[in-house]
1. Of all the residues that make up the stretch 77-101, how many are under 13 Å from the mean Cα position of the chain (by Cα), under 19 Å from residue 11 (Cα atoms) and not in a helix (DSSP H, G or I)?
2. Looking at 18, 74, can you tell me which residue is within 13 Å of the chain's Cα centre (by Cα), assigned to a loop (DSSP other than H, G, I, E, B) and within 16 Å of residue 142 (Cβ to Cβ)?
3. Would you please name the residue that is farthest from the chain's Cα centre (by Cα), looking only at residues in the stretch 28-41 that are part of a helix (DSSP H, G or I) and either under 13 Å from residue 11 (Cα atoms) or modelled with pLDDT under 95 (or both)?
4. For residue 104, indicate whether it is free of Cβ contacts under 8 Å to residues at least 24 places away in the same chain and part of a helix (DSSP H, G or I).
5. Can you tell me which condition residue 57 does not meet? The list is (1) in a loop (DSSP other than H, G, I, E, B); (2) out of contact with any helix residue (DSSP H, G or I) (no Cβ under 7 Å at 6 or more places or on another chain); (3) free of Cβ contacts under 8 Å to residues at least 40 places away in the same chain, and all the others hold.
6. Against the condition in contact with a strand residue (DSSP E or B) (Cβ under 8 Å, 6 or more places away or on another chain), buried (at least 21 other Cβ atoms within 10 Å of the Cβ) and in a helix (DSSP H, G or I), how does residue 25 come out, does it pass?
7. Report the residue count in the stretch 60-88 for those that are in contact with a helix residue (DSSP H, G or I) (Cβ under 6 Å, 6 or more places away or on another chain) and surrounded by fewer than 15 Cβ atoms within 10 Å (Cβ to Cβ).
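The values are calculated or read from the model by the stated rules, or taken from the named source; none is laboratory data. The structure presented is a predicted model; accordingly, all values stated were derived computationally and were not measured. Neighbour counts run over all protein chains shown; Cβ positions are idealised from the backbone, glycine included.
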């Protein structure tokens, strides 16, 4: 999250729609953002009332959406997030670099190109449910994908860290 905030500016209001234990939301809050933290399963952080992001929404949401979605539903999360924001607002998703692959996503990318993809130049350690003791290292490449609603054109690819 810190790496992304060094590169991008966001609305003062952020919806972290898969907040888990609050790892991303806490960093955003430390940087002065107002964060709406929701998740399908309450894990001790955010709104204790479960919220299925793919089925519900906030009426008239005026901010940006930043999250690390369940990878199994990554495309659905990106689509829903873009549908949930106003033109000019941003969606930032922390995803495996392989999200760039697949025919279904190619079609989606042609209609909804990300504005910038920030590829991590080193392997970031990600841990399911925040269990970093269990996951000491990673062989997976990650990137921050940033969409700006209404953007058309070719994405910019940048490397961070």
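1. 5
2. On the way: 74 fails: assigned to a loop (DSSP other than H, G, I, E, B).
Answer to the selection: 18.
3. Our first condition is that a residue be part of a helix (DSSP H, G or I); within the stretch 28-41, this holds for 28-30.
Of the ones still in play, those that are also either under 13 Å from residue 11 (Cα atoms) or modelled with pLDDT under 95 (or both) are 28-29.
Numbers: 28: 12, 29: 16 Å.
Ranking the qualifying residues of the stretch 28-41, first place goes to 29.
4. Details: free of Cβ contacts under 8 Å to residues at least 24 places away in the same chain: no; part of a helix (DSSP H, G or I): yes.
Spelling it out, it is not the case that residue 104 is free of Cβ contacts under 8 Å to residues at least 24 places away in the same chain and part of a helix (DSSP H, G or I).
5. Failing condition for residue 57: (2).
6. Against the criterion (in contact with a strand residue (DSSP E or B) (Cβ under 8 Å, 6 or more places away or on another chain), buried (at least 21 other Cβ atoms within 10 Å of the Cβ) and in a helix (DSSP H, G or I)), residue 25 qualifies.
7. Residues in the stretch 60-88 being in contact with a helix residue (DSSP H, G or I) (Cβ under 6 Å, 6 or more places away or on another chain) and surrounded by fewer than 15 Cβ atoms within 10 Å (Cβ to Cβ): 0 in total.
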